[in-house]
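Engineer: This is the structure I want to talk about, given as structure tokens.
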Amino acid sequence: MAVLNVNLTRIESINMKKSLKTAQKGHKLLKDKLDELIKKLLDLVRQNQELRKKTDEGLQKAYQNFMLAKAVIGEEYIEEALIIPKKSVSIDIGETSVMSVKIPKYHFSEKLQEDTSNKALYGFAYTTSELDKAIESFSEVSKFLLELAQNEKAIELISAEIEKTRRRVNAIENVTIPNYIDTIKYIGLKLSEDERASTSRLMKIKEMLVK
């Protein structure tokens, strides 16, 4: 029995019962939060598997197209075509909340240079459709990579929150609530003993008065 160090009075018993109700309510809320976090984590893990598959397939396709372009037009011409980029890429980092967990939100955006008259990422000289396909493939897979990074960061943060919440749930369930229950029972027993002792004393005093 784990009894808290409190005054053994009826008022303290009432306070303990209020604290017990509060702890039980907090335990339920945390348990509900834990269940939702686990559900969200499982969803993210499934999404992560799909994103990894898309990313791996996209990278494989991009490298194949790039190697084909390299074989067709030569490495030196590819370097010359790509030496001056005509499109800039930026990543904006925002934030969203999942069950009070702050999750980073990445946004991928592309912008053509002001003096660019075409939408290609490179010069047209000595290039072929193979390079077009390679550049397009890398552009597509970069978005998957960003989404994958965002997803894995969310998994990391939510996993940490699950562990933290689980510890709090276990502490309330296995320590706080039992302590309150044991303390309430102990106070009740001591008050009953005191009441019986008082009753016994009163009976003895009554007997003495009668005599």
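Only the coordinates and a few stated rules stand behind these numbers; no lab work does. Please read all numbers here as calculations on a predicted model, not as lab measurements. Neighbour counts are summed over all protein chains in view; Cβ atoms, including those assigned to glycine, are modelled from backbone coordinates with ideal geometry.
Engineer: Excluding residues fewer than 8 places away in the same chain, name every one of the aspartates and glutamates whose C-alpha is closer than 13 Å to that of residue 185.
Structural biologist: In chain and number order, the partners are 12, 193.
Engineer: Work out the FRET efficiency for residue 194 and residue 28 from their Cβ-Cβ distance, taking R0 = 30 Å, and round it to the nearest 0.05. Intermediate results must be reported in sequence, preceding the final value.
Structural biologist: Values: r = 35 Å, r/R0 = 1.16.
Efficiency computed from Cβ-Cβ geometry: 0.30.
Engineer: What net charge is computed for the residues neighbouring residue 35, neighbours being all others with C-beta under 12 Å from the C-beta of residue 35, Lys and Arg scored +1, Asp and Glu -1?
Structural biologist: So the environment of residue 35 carries a net charge of +4.
Engineer: Here is a follow-up. Below 15 angstrom from the Cβ of residue 60, what's the summed charge of the other residues (Lys, Arg +1; Asp, Glu -1)?
Structural biologist: Net charge around residue 60: +1.
Engineer: Let me ask something else. Suppose each label sits 7 Å from its Cα in the direction of the beta carbon; what would the residue 72-residue 8 distance come out to in nanometres?
Structural biologist: Here the answer is 9.2 nm between the modelled labels.
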